[in-house]
Amino acid sequence: MSEQESWGFAPPPFKADEALARLKRDLREAGLTERGGVFERRGMAIVRASVDGAALKVETVKQPARSPDWQVQTFKSSGELRDYVAALKKKLAGWSDRDD
């Protein structure tokens, strides 16, 4: 039995353009600054995101650096995106503690 059958309804469709707008708000709230489509902290790139068809493509640095090494993730649901934002906020806090 699928999840849809057990609950009797389907989750709302994922709208990548709306998710991108929400992600940008969340990143600004987390203290990142947008410059040229890249979100930075202290002048170092942290995240860049774009709509890729019906999905959201998000690239995140492994560690803040002048020449970043990017990890690519694709999100197709709001739940996945929420989990990503929560994990990113924990990473940012860890990087802040180490940098201070």
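Please count how many residues of the range 17-31 are more than 12 Å from the chain's Cα centre (by Cα), free of Cβ contacts under 8 Å to residues at least 60 places away in the same chain and under 16 Å from LEU92 (Cα atoms).
Quick first cut of the range 17-31, residues more than 12 Å from the chain's Cα centre (by Cα) only: 17-18, 29, 31.
Subset that is free of Cβ contacts under 8 Å to residues at least 60 places away in the same chain: 17-18, 29.
Checking the rest, the ones that are also under 16 Å from LEU92 (Cα atoms) come to 29.
Count: 1.
For the structure I just gave you, tell me whether SER6 is at pLDDT below 95, surrounded by fewer than 16 Cβ atoms within 10 Å (Cβ to Cβ), in a helix (DSSP H, G or I) and among the hydroxyl-bearing types (Ser, Thr, Tyr).
Working: at pLDDT below 95: yes; surrounded by fewer than 16 Cβ atoms within 10 Å (Cβ to Cβ): yes; in a helix (DSSP H, G or I): yes; among the hydroxyl-bearing types (Ser, Thr, Tyr): yes.
For SER6, the condition - at pLDDT below 95, surrounded by fewer than 16 Cβ atoms within 10 Å (Cβ to Cβ), in a helix (DSSP H, G or I) and among the hydroxyl-bearing types (Ser, Thr, Tyr) - is met.
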Those residues of the range 58-95 which are part of a helix (DSSP H, G or I), over 23 Å from PRO13 (Cα atoms) and of a type in the set (D, E, K, R) amount to LYS89, LYS90, LYS91
Quickly run through the range 32-55 and pick out the residues that are over 11 Å from the mean Cα position of the chain (by Cα) and of a type in the set (Val, Ile, Thr). THR33, VAL38, VAL51
For GLY31, the lone unmet condition from (1) assigned to a loop (DSSP other than H, G, I, E, B); (2) loosely packed, with under 12 Cβ neighbours inside 10 Å is (2)
For the range 44-55, how many residues meet the condition of being outside any strand (DSSP E or B) and closer than 17 Å to ARG25 by Cβ? 0
If LYS89 satisfies every condition in (1) touching a strand residue (DSSP E or B) at 6+ places or on another chain (Cβ under 9 Å); (2) surrounded by 10 or more Cβ atoms within 10 Å (Cβ to Cβ) but one, which is the exception? (1)
Of everything in the range 56-77 that's surrounded by 17 or more Cβ atoms within 10 Å (Cβ to Cβ) and within 18 Å of ASP26 (Cα to Cα), which residue is farthest from the chain's Cα centre (by Cα)? VAL61
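Which is of a type outside the set (A, V, I, L, M, F, W, C) and either at positive phi or in contact with a Gly (Cβ under 6 Å, 6 or more places away or on another chain) (or both), of ARG82, ARG22, ARG42? Talk me through it step by step, then tell me what you get.
On the way: ARG82 fails: either at positive phi or in contact with a Gly (Cβ under 6 Å, 6 or more places away or on another chain) (or both); ARG22 fails: either at positive phi or in contact with a Gly (Cβ under 6 Å, 6 or more places away or on another chain) (or both).
After applying the criteria, what remains is ARG42.
The values are calculated or read from the model by the stated rules, or taken from the named source; none is laboratory data. This structure is a prediction, so every number in the text was calculated from the model and none was measured. Positions of Cβ are generated from backbone atoms using ideal geometry, with glycine treated the same way; all protein chains shown enter the neighbour counts.
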